[in-house]
Amino acid sequence: MSLFENTISQMRQAASIMKLDPNVETILSTPHRILEVSVPVTMDNGSIRIFTGFRVQHNNARGPYKGGIRFHPEVDMEEVKALAIWMTMKCSVVGIPLGGGKGGVIVDSHTLSALELERLTRSYIRAIAPAIGPTKDVPAPDMYTTPQIMAWAADEFSKIHGENVLGVVTGKPLEVGGSAGRGDSTSQGGIYVLEEVCKTYNLPHEGTKVVVQGFGNAGANVAKMLHDNGFKVVGVSDSRGGIYCENGINPDATHSCKLDKGSVVECSGIGGENCKVITNEELLELECDILFLSAMENQVTAANADRIKARFIVELANGPVTPEADVVLEKKGVLVVPDILANAGGVTVSYFELVQNEANFYWTDEEVQERLKKIMVDSWNNVADLAKKYNCTLRQAAFIAALKRLEAAIKLRGYN
Ligand code: GLU
């Protein structure tokens, strides 16, 4: 199954449990608009290279299309379509008035100079400019796209329009219309949900062993927050592999080491003699209470789901557990807190950023946290209640929560 087929199968399961209007299901099964653009870039040596870019606008019944842009060598249209539908569901689960979209450029950004990266960003934004804007479609960071890239994107779009249109993208640096709290909002949202999981399942912080797959923005921040909250982080990994430390890892020191040496696999030394380097496969199968998946899609599959030892999985990445793995995990009694709820803190603070840009009035970090926490806790409660009501998994319940709001909006606006 392709990633897009995975998302559709997740939606169909929920649709059949809640008896979704079949017309709504049909509408949500196809993206509204698919753009494939050519992105010419003048390289530092004077040659021209053409990159391929995508933007998929899945559904805007509840508000402008919203979702990140991924710069990745393996990104393709099927993946972007899947990520776009998840954005529609994610915004609806947390009840923010936005739809779903996603973008990508096929590029290994590590091979570009800073100037080439800036030219690539500006060229991509020029190519999709007619389709985006604060009331149309609002991109944001995703894998390998940063606040700096968002600053270039907002600047390019503003130049095209001859006025400041900072709300065209979110995830910008604070100095150019970014929001307090956006940088670590995906992780913070996941932590707010985890707190509720801990209360519901009587899981203490002290002594609870956590493994974090992925040590990018979301993974590194969540590892630090978990550590600060008293959890014992015993394993972390990045694309090159992982480290396991029986006595626990200091995520701050590991992050500094990774920035210095390039990968966490070079950082086992700082944890002392009870640390060892392991593969990503071994990391996923470690003995632990909670597994945070913050790397990328398709990490827990039919091939390894049976060997997962965690009791709880929190999906900070999009789509890290396949539908086949879901079935195995459910049988094993592993509770999966699904991506469209667990990682929705990012887009929630993106929504706050858009609101602040439009009002040109900025909030304090306390205001952002108060609002984010309320949305995440209320959304968890709603999903947990639906899981009980329909006797289904949290993923199915999260889709049901999203589909109920989408169904109402689509019916009110009309099908044609
Ligand atoms: N890329 C993030 C996600 O997948 C954030 C999207 C946004 O802020 O629009 O949720």
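The values are calculated or read from the model by the stated rules, or taken from the named source; none is laboratory data. Since the structure is predicted, the reported quantities are computational estimates derived from the model, not experimental observations. A quick note on method: Cβ atoms are made from the backbone with ideal geometry, for glycine too, and the neighbour counts reach across all protein chains shown.
Only residues that are out of contact with any Phe, Trp or Tyr (no Cβ under 9 Å at 6 or more places or on another chain) and aliphatic (A, V, I, L, M) were counted across segment 256-287, and they come to 4.
Scanning segment 59-86 for residues that are within 18 Å of THR135 (Cα to Cα) and over 16 Å from the mean Cα position of the chain (by Cα) yields a total of 6. Here HIS32, HIS58 are screened, and the one residue that is modelled with pLDDT of 95 or more, away from the ligand (no atom under 16 Å from the Cβ) and touching a His at 6+ places or on another chain (Cβ under 8 Å) is HIS32.
Okay, residues lined up against (1) free of Cβ contacts under 8 Å to residues at least 40 places away in the same chain; (2) on the phi < 0 side of the Ramachandran plot; (3) among the hydrophobic types (A, V, I, L, M, F, W, C):
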| site | (1), (2), (3) |
| --- | --- |
| ALA305 | yes, yes, yes |
| THR322 | no, yes, no |
| VAL327 | yes, yes, yes |
| ILE340 | no, yes, yes |
| ALA344 | no, yes, yes |
| VAL349 | no, yes, yes |
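Annotation: ARG311 fulfils all but one of (1) within 28 Å of GLY181 (Cβ to Cβ); (2) in contact with a strand residue (DSSP E or B) (Cβ under 9 Å, 6 or more places away or on another chain); the unmet one is (1). Exactly one residue out of PRO251, PRO173 is in contact with a Pro (Cβ under 6 Å, 6 or more places away or on another chain), within 24 Å of ASP365 (Cα to Cα) and either at pLDDT 95 or above or acidic (Asp, Glu) (or both): that is PRO173.
The set of residues in segment 250-264 being aliphatic (A, V, I, L, M) and buried (at least 18 other Cβ atoms within 10 Å of the Cβ) consists of VAL264 alone. Would you mind stating whether ALA342 is among the hydrophobic types (A, V, I, L, M, F, W, C), surrounded by fewer than 24 Cβ atoms within 10 Å (Cβ to Cβ) and at pLDDT 95 or above? Here the answer is no, as ALA342 does not meet what is asked. Taking helices (runs of 4 or more DSSP H) as the structural unit, those lying wholly within segment 247-355 and holding at least 1 residues that are under 22 Å from MET1 (Cα atoms) and more than 16 Å from the ligand (Cβ to nearest atom) correspond to 280-284, 323-332.
Taking the criterion of being away from the ligand (no atom under 14 Å from the Cβ) and either within 30 Å of PHE4 (Cβ to Cβ) or more than 20 Å from the chain's Cα centre (by Cα) (or both), would at least one residue in segment 368-377 satisfy it? Scanning segment 368-377, I find at least one residue that is away from the ligand (no atom under 14 Å from the Cβ) and either within 30 Å of PHE4 (Cβ to Cβ) or more than 20 Å from the chain's Cα centre (by Cα) (or both), so the answer is yes. Within segment 73-88, residues that are touching a residue at least 60 places away in the same chain (Cβ under 8 Å) and closer than 23 Å to VAL24 by Cβ sit with their Cβ atoms under 8 Å from residues that are away from the ligand (no atom under 16 Å from the Cβ) and assigned to a helix (DSSP H, G or I), at 6+ positions apart or across chains, in these pairs: ILE85/ILE8; ILE85/MET11; ILE85/LEU28; THR88/LEU28; THR88/LEU406.
Against the numbered list (1) away from the ligand (no atom under 15 Å from the Cβ); (2) surrounded by fewer than 19 Cβ atoms within 10 Å (Cβ to Cβ), VAL107 comes up short only at (2).
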